[in-house]
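Enquirer: Please read through the structure below; I'll follow up with questions.
The values are calculated or read from the model by the stated rules, or taken from the named source; none is laboratory data. All values derive from a computational prediction rather than experimental measurement. Cβ atoms come from the backbone with ideal geometry, glycine included; neighbour counts cover every protein chain shown.
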């Protein structure tokens, strides 16, 4: 399948045939089943992950192949027009996924593990992976190709950014047992390692250094690697003083994320309350 997808992506035909659409349907079914994914664990790499660029090519291929069609449930009251290749994800009671009524949407081409809970309204975009037992809370977004591990809580209004292009770029990674607090934003291929805790309002990007008060180091993205949040780090929204110019004269400070501790028994006891929501 990889060779066929890459050949079709790199050499687009004048018109897509039934065989091309069948190939894409098989590709999307593999995404839904979790047999393929946009990024996967890779222990020897510096981040512990590697990008599967061909999978991202396949997702982009779907946008090329699809025509805009009317998908409205009620065209007069709620019109909806999208690519024919990306309807909503088909689920049943046997899927083992809770989708609570109230305006949520999951695009086709998403893997959802057993016991995932989707609180309304939330949105999961194509290419995303959501592991077993994770909760996607109200007004939360899981962007295209984002990888969210098992037993995570993506809290209300949190934004897990999508990185579909360029195809070689690392998507946002949230590993197992991570708590992403309300109104957090994780963008630009940031990797949040297992059991980390992001307090409410934390924003993580490639251009934002992460100050580690415990270990006395500054974590930042490099040219070829994204920002990586260490395992079990507890990150809060902080600030740093402007050191020169008018900003210093005016006493201004800039936002910065800060690691204030690493998880301990007290932190774990607080997070156990999350289990009652599942």
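Enquirer: Looking at region 126-148, which of the residues that are surrounded by fewer than 24 Cβ atoms within 10 Å (Cβ to Cβ) and assigned to a strand (DSSP E or B) is nearest to the chain's Cα centre (by Cα)?
Expert: Per the stated criteria, the residue is 141.
Enquirer: Mind listing just one residue for me: the one in region 194-224 that is within 26 Å of residue 156 (Cα to Cα), out of contact with any strand residue (DSSP E or B) (no Cβ under 9 Å at 6 or more places or on another chain) and at pLDDT below 95 and, of those, surrounded by the fewest Cβ atoms within 10 Å (Cβ to Cβ)?
Expert: Restricting to residues being within 26 Å of residue 156 (Cα to Cα), out of contact with any strand residue (DSSP E or B) (no Cβ under 9 Å at 6 or more places or on another chain) and at pLDDT below 95, the top hit is 207.
Enquirer: Suppose the filter is modelled with pLDDT under 95, within 27 Å of residue 107 (Cα to Cα) and not in a strand (DSSP E or B); does residue 168 pass it? Step through it out loud before you land on a result.
Expert: Details: modelled with pLDDT under 95: yes; within 27 Å of residue 107 (Cα to Cα): yes; not in a strand (DSSP E or B): yes.
When the stated conditions are applied, residue 168 passes them.
Enquirer: Given the condition modelled with pLDDT under 95 and under 26 Å from residue 54 (Cβ atoms), answer yes or no: does some residue in region 144-157 qualify?
Expert: There is no residue in region 144-157 that is modelled with pLDDT under 95 and under 26 Å from residue 54 (Cβ atoms).
Enquirer: Could you check region 109-125 and list, in sequence order, the residues that are over 14 Å from residue 97 (Cβ atoms), out of contact with any helix residue (DSSP H, G or I) (no Cβ under 9 Å at 6 or more places or on another chain) and either surrounded by 20 or more Cβ atoms within 10 Å (Cβ to Cβ) or modelled with pLDDT under 95 (or both)?
Expert: 125
Enquirer: Going by the conditions given, is residue 66 modelled with pLDDT of 95 or more and touching a helix residue (DSSP H, G or I) at 6+ places or on another chain (Cβ under 7 Å)?
Expert: No.
Enquirer: Shifting gears a bit: Only strands (runs of 3 or more DSSP E) wholly contained in region 11-102 count here; list those with 3 or more residues that are within 30 Å of residue 191 (Cα to Cα).
Expert: 39-41, 49-51
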